[in-house]
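The values are calculated or read from the model by the stated rules, or taken from the named source; none is laboratory data. Remember, predicted model here, so these are calculated numbers, not experimental data. Every residue, glycine as well, gets a Cβ built from its backbone with ideal geometry; the counts of neighbours run over all protein chains shown. Heavy atoms of the whole protein, side chains included, go into the accessibility calculation; ligands, DNA and RNA do not. Shrake-Rupley method; radii C 1.70, N 1.55, O 1.52, S 1.80 Å.
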Amino acid sequence: RLGKALDKLPCNTIPTEEEWKAEPQQIHQAIAQHFCHEGKFDLCTTFIEESKLEETEFTQDPYSIMHSILQQIDKKNLDEVLAWSEKNSAFLLHRESDLVFKIRHIQFLQILKTGDKMAAVRHSQQYFGQFSNRHIKKIKELM
């Protein structure tokens, strides 16, 4: 499928050597973004300094926030993730993110693992109602 999709692309979409040389700042910005996306912030900082990429053209902040959130999820520190998501609820709503539902889902499962079914029911009553429009099937499966 990929081969067919590539064949449909017009041949002039591949930049020429002159075009690559004409836009070095955009190339540097793309490379810096890649390093940040991968969580290699020290490498990104060094690259930005050496490529003389202006700070106004690129910021590491969104990527460092993303990696911080992922680390908190890995550590099962869901309270910090929920605090961040409440502070950024408009952004998450605009992106139709399921982050808060997924965190509440994980919390529900953690409560169930303790054996306290009544606490799990209270948790579901308190938090799942706001997600019933989009996640009713999943909520029913959990119950």
Residue ID - nearest to Ile31 (Cα to Cα), chosen from residues in region 58-93 that are of a type in the set (D, E, K, R) and in a helix (DSSP H, G or I): Asp61
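Looking at region 47-96, which of the residues that are among the charged types (D, E, K, R) and over 30 Å from Gln107 (Cβ atoms) is least open to solvent (accessible area, probe 1.4 Å)? Step through it out loud before you land on a result.
Residues of region 47-96 that are among the charged types (D, E, K, R), as a first pass: 49-50, 52, 54-55, 57, 61, 74-76, 79-80, 86-87, 95-96.
Next, from what is left, pick out any that are over 30 Å from Gln107 (Cβ atoms): 49-50, 52, 54-55, 57.
Values: Glu49: 128, Glu50: 142, Lys52: 154, Glu54: 105, Glu55: 150, Glu57: 63 Å².
Only one residue fits best here, namely Glu57.
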Single condition Glu96 does not satisfy, out of (1) out of contact with any His (no Cβ under 7 Å at 6 or more places or on another chain); (2) part of a helix (DSSP H, G or I): (2)
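Can Gln33 be described as within 27 Å of the chain's Cα centre (by Cα) and either in the same structural domain as Glu80 (by the TED database) or at pLDDT below 85 (or both)? So that I can check it myself, show each step before the final result.
Values: within 27 Å of the chain's Cα centre (by Cα): yes; either in the same structural domain as Glu80 (by the TED database) or at pLDDT below 85 (or both): no.
No.
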Test: residue in region 37-45 that is more than 26 Å from Tyr127 (Cβ to Cβ), surrounded by fewer than 13 Cβ atoms within 10 Å (Cβ to Cβ) and out of contact with any Gly (no Cβ under 6 Å at 6 or more places or on another chain): yes
Of all residues making up region 110-131, the number that are surrounded by 11 or more Cβ atoms within 10 Å (Cβ to Cβ) and part of a helix (DSSP H, G or I): 13
